[in-house]
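Quick one: this structure, given as structure tokens, is what I'll be asking you about.
The values are calculated or read from the model by the stated rules, or taken from the named source; none is laboratory data. Please read all numbers here as calculations on a predicted model, not as lab measurements. With ideal geometry, Cβ positions are generated from the backbone for all residues, glycine too; neighbour counts draw on all protein chains shown.
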Amino acid sequence: MIRITDILDRVAENNPEADLDIIDRAYIFSARVHDGQIRLSGEPYLSHPLEVAGILAEMNLDPVSIASGLLHDVVEDTHATPEEIEQTFGREVMRIVAGVTKISKLSFGSSLARQAESLRKMLLAMADDIRVILIKLADRLHNMRTLSFHKEGKRRVIARETLDIYAPIAARLGIYWIKNELENTSFMYLMPEEYTRIKTNVSKDLEEREQYIEDVKGYLRGTMETHKLECQVLGRYKNFYSIYQKMISQELAFEDVYDIIAFRIILESIPQCYEALGIVHSLWKPIDIKFKDYIARPKPNMYQSLHTTVIGPRGERVEIQIRTLEMDRVAKSGIAAHWRYKEGASMDESIGRRFAWIQNLVENQENFRNPDEFLENVRIDLYPDEVYVFTPQGDVKTMPKGATPVDFAYMIHTEVGNQCTGAKVNGRIVSLNHELETGDTVDIITSKSHRPSKDWLKFVKTVKARSRIRQWIKVQEKSRSLSLGREMCEKAFRKHRLNFNTLMKSDQMDAAVAHFGFKTVDDLIASVGYGKTTPLQVVRRFVPKTAEEAEDKPRETIFDRLIGRVKKRKPSAGVLVKGLDDILIRFGKCCQPVPGDPIVGYITRGYGVTVHRANCVNALKMSPERQIEVAWAEETSETYPVKILIVSYDRVGLLADIATSISKNEANILSLNTHTKPNKSVESYLTLAVAGTGHLDRVVSSLRKISMVQEVRRLNT
Ligand code: MN
């Protein structure tokens, strides 16, 4: 067990002027209130807050953080109150301890909704004071170190949560040693077999490998010395989990994962780093694509280093990191190394900017109603793959890997995003889904009349772009269904000699709105526009029932039920209509869509929804107000009719060959018509039943292989 004096020594060593008194007092307080409590390991409870404080000291944190670490469990596990903490240690410590306590109560268990909610609260706590999450990380690290004392089931739950939530946060904050240890320990508990296999493999040729590490280290150090560069050289195994991930993602056997050992050269100054890099590259051939200069362009978590991968002395790939002592220190404490907390003062502005991603998530979270969406976005933001691109003015923007000009445009301003029509990267016009790379200069082309497209959602990578596009679409859909719904209501009311617009503000309308369970008249009208409520249902709230209608009723319900049954058996013919599960679907005869075709739906009064291919000329003529979002269901056993034309020269056995080819490809012929022209060319018009565009393509390409066939194509395009 670490002793309080070790912690005090460590803090004093980092900062001789540090106020150790508050740490001393926190230790005495914690020892008093935890007195008599025992950990599952059998150790006195106090060992836990002490170890946590030790980890925080290792990260070079300030005395307030370390005192808070000593006190982090007292509110939850002892009779001590937040008021008491505030009186004894001040408001700052109280707020941090309260924050840690709040996070401890979050559950990231199985339910997606709960997980999203918990993450949201955690991000809020981080945005409030980043030290809360640093203490939580130290707490989790010690709990992982002592996880073996828990029961099997509990171990797995904690390890999973650590791997999914805490390790990525540690990485995002730049505290890689904590990230590595958390990953490795979680991996050991979650996949014991795979863990052991890698461990055994690593230790198999241990002696030889250790010798190799020593050789490389010695050689590097010696070469640096002849160039009068004083340095430390370290060699270490990469963490088992990252070796495992590499094996999985690149489908490699253990023997084929070369860079399981990484070397680090630590020097005094930045110029020395570049000099050392030059020396390394003159010794061993670098793999160009593997060179990264995080000194000139630090990661957003402020990590700085040169990374290069070279072909080493035995023809193997060797990863080498080169950095200054100061940079190495930063890599140890991550983001925490950069700020000096003054009494009551918040983070300085440059640090604040580094935390923009947390702020962004917190701001945007209201736009995510469903937990899936939120989690998806948090994941995107938690993983540290990033690119750095420039505005034409030379400002750097940090984007997630795979980000596009649309992401970039939204990052500049929502309006720029909404009006973005194109982009130039390094002076060249690119498509909007072009993947940006580090170093690119991006110039966005806008046009006032341009509008966002739903298709952008397929490729944008940032939370901001995604949420702004979704928001825009939601507003559009609402206003479209509002105008459609209003038109439908007006018509239905007119039929009953009622004026919808004058009735809008009546008490009767308020009652109708409440009857359907809505808050406002607009919600009701929009619901009519979406097709969820029929205009007739609305009118009924305003006309007294006649005797005839009352009599009609039972017959109507039987009819309704019948329709319902028919619809249930074949609810949507393989098409999903946004917001509706049970609606009549027809397919446009003009264009005969089959699964795989891009499609659009149009509300046709009295018929439900008619589905056309997106490029159908008839569909293009319809009023955009009636358009509704539709998509093919993922799995469907339906087949769909489609017309094709085969042009060929006449010959014996041609039709038989065509029929065989079609049935071999498991399609059916619904109808067939042939015309023989005077020049002996034959045009055969067929209607086939196919499952989708993929199926159709197979049929068509097999038909094209038939001898004498000149042309095969789908009609109605
Ligand atoms: Mn704890």
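ALA57: more than 39 Å from the chain's Cα centre (by Cα) and closer than 16 Å to ARG131 by Cβ, yes or no?
Criteria not met by ALA57.
Would you please list the contacts, defined by Cβ atoms under 7 Å and residues six or more apart or on different chains, that run from a residue in segment 167-180 that is at pLDDT below 80 to a residue that is among the polar types (S, T, N, Q)?
Every condition considered, the pairs that remain are ARG172/ASN301; LEU173/ASN301; GLY174/ASN301.
Given VAL74, VAL33, which one is within 15 Å of the ligand (Cβ to nearest atom) and more than 14 Å from ILE135 (Cβ to Cβ)?
Exactly one of VAL74, VAL33 is within 15 Å of the ligand (Cβ to nearest atom) and more than 14 Å from ILE135 (Cβ to Cβ), namely VAL33.
Right, something else. Mind checking which residues of segment 246-283 are assigned to a loop (DSSP other than H, G, I, E, B) and closer than 20 Å to PRO313 by Cα?
Once the filter is applied, which keeps residues that are assigned to a loop (DSSP other than H, G, I, E, B) and closer than 20 Å to PRO313 by Cα, segment 246-283 yields VAL257, TYR258, ASP259, ILE260.
Here is a follow-up. Suppose the filter is within 13 Å of the ligand (Cβ to nearest atom) and closer than 27 Å to ARG160 by Cα; does LEU50 pass it?
Yes; evaluated as a whole, the condition is true for this residue.
How do the helices (runs of 4 or more DSSP H) wholly within segment 139-200 filter down when requiring 2 or more residues that are within 16 Å of the ligand (Cβ to nearest atom): which remain?
Result: 152-161, 176-190.
Would you point out the residue of segment 416-450, among those that are in contact with a helix residue (DSSP H, G or I) (Cβ under 7 Å, 6 or more places away or on another chain) and assigned to a loop (DSSP other than H, G, I, E, B), that is surrounded by the most Cβ atoms within 10 Å (Cβ to Cβ)?
So the residue we want is LEU436.
Of the conditions (1) loosely packed, with under 14 Cβ neighbours inside 10 Å; (2) in a strand (DSSP E or B), THR660 satisfies every one except a single condition; which number is it?
Going through (1) loosely packed, with under 14 Cβ neighbours inside 10 Å; (2) in a strand (DSSP E or B) one by one, THR660 breaks only (2).
I'd like the full set of residues that are in contact with an Asp or Glu (Cβ under 8 Å, 6 or more places away or on another chain) and within 15 Å of the ligand (Cβ to nearest atom), limited to segment 53-67.
Once the filter is applied, which keeps residues that are in contact with an Asp or Glu (Cβ under 8 Å, 6 or more places away or on another chain) and within 15 Å of the ligand (Cβ to nearest atom), segment 53-67 yields only GLY54.
Collect the residues in segment 281-323 that are modelled with pLDDT of 90 or more, surrounded by 19 or more Cβ atoms within 10 Å (Cβ to Cβ) and of a type outside the set (A, V, I, L, M, F, W, C), keeping them in residue-number order.
Matches in segment 281-323: SER305, THR308, GLN321, ARG323.
Oh, and also: Which of (1) surrounded by fewer than 16 Cβ atoms within 10 Å (Cβ to Cβ); (2) within 16 Å of the ligand (Cβ to nearest atom) is the odd one out, the single condition GLY222 does not satisfy?
(2)
Within segment 77-92, how many residues turn out to be away from the ligand (no atom under 16 Å from the Cβ) and in contact (Cβ under 8 Å) with a residue 40 or more places away in the chain?
4
Only one of SER483, SER467 is among the polar types (S, T, N, Q), in a helix (DSSP H, G or I) and buried (at least 17 other Cβ atoms within 10 Å of the Cβ); which?
SER467
Then there's this: Considering only strands (runs of 3 or more DSSP E) fully contained in segment 580-629, which possess at least 2 residues that are at pLDDT 75 or above and within 19 Å of SER483 (Cα to Cα)?
Once the strands (runs of 3 or more DSSP E) in segment 580-629 are filtered for at least 2 residues that are at pLDDT 75 or above and within 19 Å of SER483 (Cα to Cα), what remains is 599-604.
Out of curiosity, is LEU283 farther than 26 Å from ASN239 by Cβ and in contact with a helix residue (DSSP H, G or I) (Cβ under 9 Å, 6 or more places away or on another chain)?
So LEU283 passes the test.
While we're looking at this one, here's another question. May I ask you to verify whether MET122 is within 12 Å of the ligand (Cβ to nearest atom), at pLDDT 65 or above and of a type in the set (A, V, I, L, M, F, W, C)?
Spelling it out, it is not the case that MET122 is within 12 Å of the ligand (Cβ to nearest atom), at pLDDT 65 or above and of a type in the set (A, V, I, L, M, F, W, C).
Being small (Gly, Ala, Ser) and surrounded by fewer than 16 Cβ atoms within 10 Å (Cβ to Cβ) is the filter here; which residues of segment 138-185 pass it?
The answer is SER148, GLY153.
A further question on this structure: In segment 93-108, which residue that is assigned to a helix (DSSP H, G or I) and hydroxyl-bearing (Ser, Thr, Tyr) is nearest to the ligand (Cβ to nearest atom)?
The residue in question is SER104.
Could you pull out the residue among ASN426, ASN418, ASN433 that is closer than 20 Å to ARG297 by Cβ, among the polar types (S, T, N, Q) and modelled with pLDDT of 80 or more?
ASN426
Next up: I'm trying to understand the selection: among the residues of segment 673-685, which are in contact with a helix residue (DSSP H, G or I) (Cβ under 8 Å, 6 or more places away or on another chain) and either in contact (Cβ under 8 Å) with a residue 24 or more places away in the chain or within 16 Å of ASN716 (Cα to Cα) (or both)?
Within segment 673-685, VAL682, SER684 meet the criteria.
Related question: Is it the case that GLN211 is without any contact (Cβ under 8 Å) to a residue 12 or more places away in the chain, more than 16 Å from the ligand (Cβ to nearest atom) and in contact with an Asp or Glu (Cβ under 9 Å, 6 or more places away or on another chain)?
no
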